[in-house]
Amino acid sequence: MSTLSMSNAVGALPRLLDNLEHILRIGEANAKERGIDPSIFLNARLAPDMHHLIKQVQIASSLTKMAPYRITGMEPPAYEETETTFNDLYVLIAKAKADCMAVPASDLDGKEGRKFVLKMGPRDMDFTGISYLSGFTLPNIHFHITTAYNILRHNGVPLGKADYFGGMT
């Protein structure tokens, strides 16, 4: 019988970005099929005070790559966030997945209870490794992937529930 470790749990994050990439590829293909400038989708948002599609992908990617570094207490890689095309987003996703997986399991395992504080806006937030991963990172990644899905869906891209899971049937 196997147990769930921090490295197993963190190792699931790149799969979420695979799902996001699947959604984006459908959106890109749909823009091409319909003769829509891809920048229309990339800069679309659900409401005026929400981030556009590019930023949703940037945030999901950033959360994924930062998770193992924050859990272990290491400095996460910094990204410039200069993406403007679907291809740029695919490159970003690949980079975030690679950076997430670059932290060895031996550095992650046993860090469930490691305490740390992150500055979020004007306030400090207290976390443990597991509370950061399960109560902050995972819900936030899902939120931004769902929002990306909904932006494309709102713009007429034919996405279904299975697409959210990477096209799994």
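Structural remarks
- Candidates are the residues of region 42-67 that are over 23 Å from Asp99 (Cβ atoms) and of a type in the set (A, V, I, L, M, F, W, C); the one that is surrounded by the most Cβ atoms within 10 Å (Cβ to Cβ) is Ala44.
- Condition check for Ile23: surrounded by 13 or more Cβ atoms within 10 Å (Cβ to Cβ) and outside any helix (DSSP H, G or I): no
- Total residues in region 44-88, condition of a type in the set (Lys, Arg) and out of contact with any Phe, Trp or Tyr (no Cβ under 9 Å at 6 or more places or on another chain): 2
- Filter result for Gly167 (at positive phi, at pLDDT below 95 and more than 15 Å from the chain's Cα centre (by Cα)): yes
- Residues that are of a type outside the set (Val, Ile, Thr) and surrounded by fewer than 16 Cβ atoms within 10 Å (Cβ to Cβ) within region 151-169 comprise His154, Gly156, Pro158, Gly160, Lys161, Ala162, Phe165, Gly166, Gly167, Met168, listed in sequence order.
- Hits in region 32-55 (condition: without any contact (Cβ under 8 Å) to a residue 60 or more places away in the chain, part of a helix (DSSP H, G or I) and farther than 20 Å from Thr137 by Cα): Lys32, Glu33, Pro38, Ser39, Leu42
The values are calculated or read from the model by the stated rules, or taken from the named source; none is laboratory data. Remember, it's a predicted structure, so these values are computed and weren't measured experimentally. Counting neighbours? That spans all protein chains shown, and the Cβs are built from the backbone with ideal geometry, glycine included.
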